[in-house]
Amino acid sequence: MAEGSPRAGRRLGALTERTNVSTANRILLCDNVWKVYGPNADTYLSDREHPPSPEDLAAAGLLAAVRGVSLSINRGEIFVIMGLSGSGKSTLLRCMTRLVEPTAGSILLGGTNLLNSTERQLMQIRREKMGMVFQNYALMPHLTALENVAFPLKVQGMKRTAREARALQMLELVGLGGRGHHYPRELSGGQQQRVGIARSLTLEPDIWFLDEPFSALDPLVRREMQDEFLRLQTLLRKTIVFVTHDFAEAVRLADRIAIMREGAVVQVATPEELVLAPADPYVSAFTRDIPRAQVVTARSAIDLGAETAAGGGSVPAGARIIDIAEQVLGAGGPVAVLDEDGAILGALSRDAVIRLLLAQPHTRAALAQ
């Protein structure tokens, strides 16, 4: 079937398990998405009553890059997809945008099934609703930074004065004010990536797809770009799908993380949940080197046997231990842990904080005490 043609139904009726999530805050839903390479892959899947294993597929001369992925992404969240090389994370992101054509399943963006959209409809959706940034940010070398950022607006037919004004705003937003006249070759790697980010934001997309955008940068520049990314998210509150192979980067950026292995999603959870309750040894291996105090929140470290001290103060339940350690350690006793409404959930003791600060990253036993 030709790339971009509508596919009502999308097969695998017997294999589909609908994702039971509230639709109120959901912007993107993947339902039993498969991407299988090889001859007659769609026919092979539609003829089966149960999902095939990697061994089944190999015996049929097929290879699955994405296997039965069902997940939902909420409006305004940073959703990170991660896994080892070859786990299917980048292919899944490209399936979400239909840069890669899924073999089966459905992908709904704001209620519209992208897999039933024609090529013309899909092009319009990409132009109006999606922003994309990839590791190779593909700036046009013959255009200045300003012209690169303004290019999507030029494609839409916006007049030059208006599009350049908008592009200047985006360059200011990413910290490149005054650099609009420079060509890509005159900018550093980090600055070029900022131009790519600015360009992807000019159309104010509903959802922003980023595939390892910082992985080719030097460590210091990479950290700087992560800081910039978080600053932009504070200002813009975009819905973001972010692919990385670096768990430390995922923990720093994500509201939720999906960990993939051999094309399948192993676990979807918050960074804290992944650290405290990994689904299996594969997930646990990713969390081994993450300092617990950087991930665990006051809510999870409440000491049920402790009582708050008079004048000991309070901390938000969602605050990370690393951010409140100085306050708790300096208090005369346990401090109150408050929920979003100001109600006391319990107390956080100095001992609990010290255990988390001193715990070896791979040791979870201390967290259960």
For this session: Look through the stretch 123-145, keep the residues that are part of a loop (DSSP other than H, G, I, E, B) and over 15 Å from Tyr183 (Cβ atoms), and return whichever of them is modelled with the lowest pLDDT.
Result: Asn136
Problem set entry | Subset of the stretch 268-318 (residues that are surrounded by fewer than 17 Cβ atoms within 10 Å (Cβ to Cβ), of a type in the set (A, V, I, L, M, F, W, C) and touching a strand residue (DSSP E or B) at 6+ places or on another chain (Cβ under 6 Å)) | Ala279
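Being in the same structural domain as Gln124 (by TED's automatic domain parsing) and part of a helix (DSSP H, G or I) is the requirement here; does Glu204 meet it?
Values: in the same structural domain as Gln124 (by TED's automatic domain parsing): yes; part of a helix (DSSP H, G or I): no.
So Glu204 does not fit the description; no.
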For this session: Find the residue count for the stretch 212-252, including only residues that are modelled with pLDDT under 90 and of a type in the set (A, V, I, L, M, F, W, C).
Result: 10
Problem set entry | Conditions (1) in a helix (DSSP H, G or I); (2) within 20 Å of Thr239 (Cβ to Cβ); (3) not hydrophobic (A, V, I, L, M, F, W, C); number of the one not met by Lys154 | (2)
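Is at least one residue of the stretch 320-329 in contact with an Asp or Glu (Cβ under 7 Å, 6 or more places away or on another chain), among the β-branched types (Val, Ile, Thr) and modelled with pLDDT of 90 or more? Quick ask: steps written out before the conclusion?
Pass one, the stretch 320-329, residues in contact with an Asp or Glu (Cβ under 7 Å, 6 or more places away or on another chain): none.
No, the stretch 320-329 has no match at all.
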For this session: Name the single residue, out of those in the stretch 208-263 being within 16 Å of Val275 (Cα to Cα) and of a type in the set (Gly, Ala, Ser), that is surrounded by the fewest Cβ atoms within 10 Å (Cβ to Cβ).
Result: Ala248
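Does Gly86 fit the bill of being crowded, with 20+ Cβ neighbours inside 10 Å and on the phi > 0 side of the Ramachandran plot? Spell out how you get there, then give the answer.
Values: crowded, with 20+ Cβ neighbours inside 10 Å: no; on the phi > 0 side of the Ramachandran plot: yes.
No, not satisfied.
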Problem set entry | Where Ser200 falls short, out of the listed (1) of a type in the set (Ser, Thr, Tyr); (2) within 16 Å of Leu171 (Cα to Cα); (3) at pLDDT 90 or above | (3)
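Here are some residues: Pro205, Pro184. Which one is over 20 Å from Glu224 (Cα atoms), out of contact with any Phe, Trp or Tyr (no Cβ under 7 Å at 6 or more places or on another chain) and surrounded by 14 or more Cβ atoms within 10 Å (Cβ to Cβ)?
Among Pro205, Pro184, only Pro205 is over 20 Å from Glu224 (Cα atoms), out of contact with any Phe, Trp or Tyr (no Cβ under 7 Å at 6 or more places or on another chain) and surrounded by 14 or more Cβ atoms within 10 Å (Cβ to Cβ).
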For this session: Kindly indicate which of Leu57, Leu92 is crowded, with 20+ Cβ neighbours inside 10 Å and within 27 Å of Ser284 (Cα to Cα).
Result: Leu92
For this session: Filter the helices (runs of 4 or more DSSP H) completely within the stretch 249-353 down to those with at least 2 residues that are closer than 22 Å to Glu77 by Cβ and free of Cβ contacts under 8 Å to residues at least 24 places away in the same chain.
Result: 271-276
Exercise. What is the number of the single condition among (1) among the aliphatic types (A, V, I, L, M); (2) at pLDDT below 95; (3) in the same structural domain as Leu201 (by TED's automatic domain parsing) that Ile78 does not meet?
Worked result: (2)
Problem set entry | Candidates Gly111, Gly83, filtered to the one that is modelled with pLDDT under 95, under 30 Å from Leu232 (Cβ atoms) and touching a helix residue (DSSP H, G or I) at 6+ places or on another chain (Cβ under 7 Å) | Gly83
For this session: State all residues of the stretch 117-143 that are buried (at least 17 other Cβ atoms within 10 Å of the Cβ) and either of a type in the set (A, V, I, L, M) or within 20 Å of Leu45 (Cα to Cα) (or both); if no residue qualifies, say none.
Result: Leu122, Ile125, Met130, Met132, Val133, Leu139
Exercise. If we keep just the residues of the stretch 180-231 that are more than 20 Å from the chain's Cα centre (by Cα) and among the acidic types (Asp, Glu), which is farthest from Ala145 (Cα to Cα)?
Worked result: Asp218
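The values are calculated or read from the model by the stated rules, or taken from the named source; none is laboratory data. Being a predicted model, the structure only gives us computed values, none of them experimental. Note that each Cβ is placed from the backbone with ideal geometry, even for glycine, and that neighbours are counted across all protein chains shown.
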